[in-house]
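The values are calculated or read from the model by the stated rules, or taken from the named source; none is laboratory data. The structure presented is a predicted model; accordingly, all values stated were derived computationally and were not measured. In this analysis, Cβ positions are derived from the backbone assuming ideal geometry, glycine residues included, and neighbour counts consider all displayed protein chains. Just so you know, the surface numbers come from the protein's heavy atoms only, side chains and all, with ligands and any DNA or RNA stripped out. Shrake-Rupley method; radii C 1.70, N 1.55, O 1.52, S 1.80 Å.
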Amino acid sequence: MFSYVTFRVMQALLIVCSLLSSVVCVSEDKAVESHSPILSFIISVWQSRLYLYSAGALLFGIWFSVKMALKKKSVSSDTNSSHKPAKSSGCSDKEKVVHVSGVKIFYGSQTGTAKGFAKELSAEVEASGLPCEVIDLKDYDPDDQLADESTNKIVCVFLLATYTDGQPTENAEWFCKWLEEASTDFRYGKTYLKGLKYAIFGLGNSVYTGHYNTVGKTVDKWLWMLSASRIMTRGEGDCNVVNSKHGSIQADFIAWKVKFLNRLKKLVKGDKKTCSGNCKNGGSCKNKTKHEHEHEEEGDAVQSTNNEEDLFESSSDDEESALQDERKGPVVDMEDLGNIINGVKKAKSKDEEQMVKLSKLNGFKRAEDEEEKREMITPTLRDALTKQGYKLIGSHSGVKLCRWTKSMLRGRGGCYKHTFYGIESHRCMETTPSLACANKCVFCWRHHTNPVGTEWRWKMDPAEKILNDSLEKHQNMIREFKGVPGVKPERYEEGLAVKHCALSLVGEPIMYPEINAFLHLLHSHRISSFLVTNAQFPEEIRNLVPVTQLYVSVDASTKDSLKKIDRPLFKDFWPRFLDCLKALGEKKQRTVYRLTLVKAWNVEEMLAYADLIAMGQPDFIEVKGVTYCGESTASSLTMANVPWHQEVVSFVQQLADMLPQYEIACEHEHSNCLLIAHTKFKIDGEWWTWIDYERFQELVQAYEDRGGQQSFSSLDYMAKTPAWALFGAEEQGFDPADTRFQRRNKTKNISGC
């Protein structure tokens, strides 16, 4: 090393000197003539240059050799010290790295077997030097705590027994319910549990072939859908000694436990799972030999994955995947249902179709061949919507529990309707009498798994059945929260009595031919009505009976942007859209424009929005940032299209300045939503945007008793807005009676941008 470096240095010096020599030679000729003593000295030095080169090279070589010797001695000293026991005051950075901080063992047990296994495993984990905690799932709140396990380097072990009919045990029922909903709720996101390491051992009995170890399998699937990492193959214990791999469920557990403890030791050391050796680049895996024993322990992993393909077919948020899998077979794509209907329309004459006609009074004419019509909910669609958490009703309706209902049951705040209008979110039922829609919006919550069409061509269920079944199914979903950690007993009891109905779940409720009958039934049960329409059915809006509050979705302000965002099926969608806004302006009860801001799509259309507001003169304007619903082949929407709250505030302030009769009234920061209200609701400097629901019920009853002759207006049932709900309040729309719960990975703070 020394000789090579010395050679290179000398070579460089010679090159430099050769360049200088040419200069000095020229100077020598002139020096002879001038006889300068300085030049004579320089010439003598130049003539002795070989001695100077040798001296310089020697000095550099000595310096370099000393430096290398000292460096080698330092490395040797560090190596020797690393083999010595570390003192408490001088641990190295490498020794401070903790790969596993502890183990948490969760059990779902009915007879005590899983609980016994948990204690047995805990004792052996603690004997290995790791802290371990055994947790009964009934005492664990996944909504508060499970995401934290992703960041604190805890390994979570789930010992789960399968009970009657493949259901979880009583103490694990809520945990499984929450996990299932989180895995299909886009609000949690695909990466909600990213970083969580887990292992599962299921307890079952193969005598029950249809339900053998279903709880362990489904929990494994849901955790995977939320991006949790399985550290080893799922274990399955069989109470049936005939089929048990090791002769008994205890022996099955012991075999799995040995593998788990071995895997845990490797994780503590920082070892990672390695590939099978078949690298994508075609080369050999460097770690193949080193970790062959790991693959022996998990030799059945590949086979297990193949056996579990049915568990991992669907993604966490892409709710259309269930339909995409079915498209491989002879199943009709529901997104193309509108095209199919149009084809049928051309094939049949109007006299032969006998379709349901929407009359001026919103009545209906039943077709003689009603039983021959197809059902809106096909078997494929039923499977897809059921996986998404819908409770389906009849052949075209559904109900689902809103996440804000769950939130308010636990005292964690209500939705923006609670802030803007005084709705009690835990007493609100979200439903729809029609899953069909005439648009395929890019921000559709259901990723277009619902059917589409421009007119009613399906079998029809009576309004009484839809309402009764909706109330029953909604109450059953509320009952599942009895005893759940954090649920307030008084709100649980109140939640069983539905007071509000949001007809905004999915689809186009106004398409249902008996929508007026359905609204009459709601009001007869003293349930308020909040109906949302996509502004494609102007005559149906005009024929609508009074509702507590009527919404029109104004997703864009120009023809081109509306076509791009809503993707309507009607060819004359723009005239229909404008006519709907005019029809809304003719209503005397409370009306609302609902604006959904899609960044880079429609936020720049300020003047056009102002013109549309002047056309319909709504009582209120809700402006909300679009909610990203996950990846979808049916939409190009990404997180880049979601505006920050401050961007929404800025848009609303500019819009309000352009509207002479409107001002910003309320804000709901945690929904990224603001309310612009007509100044007629500002009395003596105070806002009255809330609703007197009892007064509304009295007014609508008098309206119906007198056959519509006694009308009433939105000012007849308004109520004062509390200070915490107003725009600019410190609470930013959060009810101080509740306690706000912040999830991890909360929204980026862009105040001041």
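Values as computed for the structure displayed
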quantity: Condition met for residue 732 (part of a loop (DSSP other than H, G, I, E, B), polar (S, T, N, Q) and either surrounded by 15 or more Cβ atoms within 10 Å (Cβ to Cβ) or modelled with pLDDT of 95 or more (or both)); calculated: yes
quantity: Lone qualifier among 134, 125 - being under 20 Å from residue 203 (Cβ atoms) and either at pLDDT 95 or above or outside any helix (DSSP H, G or I) (or both); calculated: 134
quantity: Pairs where the first residue, in the stretch 595-624, is at negative phi and among the β-branched types (Val, Ile, Thr) and the second is in a loop (DSSP other than H, G, I, E, B) and at pLDDT below 75, C-beta under 6 Å, 6+ apart; calculated: 596/626; 598/626
quantity: Residues of the stretch 213-258 satisfying the condition of being over 22 Å from residue 109 (Cα atoms), assigned to a helix (DSSP H, G or I) and open to solvent by 30 Å² or more (accessible area, probe 1.4 Å); calculated: 224
quantity: Within the stretch 377-405, considering residues that are assigned to a helix (DSSP H, G or I) and out of contact with any helix residue (DSSP H, G or I) (no Cβ under 7 Å at 6 or more places or on another chain), the one surrounded by the fewest Cβ atoms within 10 Å (Cβ to Cβ); calculated: 379
quantity: Selection status of residue 686, closer than 23 Å to residue 622 by Cα, modelled with pLDDT of 95 or more, more than 34 Å from the chain's Cα centre (by Cα) and open to solvent by 60 Å² or more (accessible area, probe 1.4 Å); calculated: yes
quantity: Residue ID - modelled with the highest pLDDT, chosen from residues in the stretch 181-205 that are open to solvent by 10 Å² or more (accessible area, probe 1.4 Å) and aromatic (Phe, Trp, Tyr); calculated: 192
quantity: Output for the stretch 644-683, where each listed residue is open to solvent by less than 30 Å² (accessible area, probe 1.4 Å) and aromatic (Phe, Trp, Tyr); calculated: 651, 662, 681
quantity: Residues located in the stretch 533-553, provided they are touching a residue at least 60 places away in the same chain (Cβ under 8 Å) and surrounded by fewer than 20 Cβ atoms within 10 Å (Cβ to Cβ); calculated: 539, 543, 545
quantity: Matching strands (runs of 3 or more DSSP E) fully within the stretch 494-561 where at least 1 residues are of a type in the set (Val, Ile, Thr); calculated: 528-533, 549-553
quantity: Residue satisfying all of: in the stretch 117-143; more than 19 Å from residue 101 (Cβ to Cβ) and out of contact with any strand residue (DSSP E or B) (no Cβ under 9 Å at 6 or more places or on another chain); most open to solvent (accessible area, probe 1.4 Å) among these; calculated: 139
quantity: Any hit, the stretch 579-598, residues being under 26 Å from the mean Cα position of the chain (by Cα), open to solvent by 10 Å² or more (accessible area, probe 1.4 Å) and under 26 Å from residue 417 (Cβ atoms); calculated: yes
quantity: Among (1) among the β-branched types (Val, Ile, Thr); (2) modelled with pLDDT of 80 or more; (3) loosely packed, with under 10 Cβ neighbours inside 10 Å, the one test that residue 79 misses; calculated: (2)
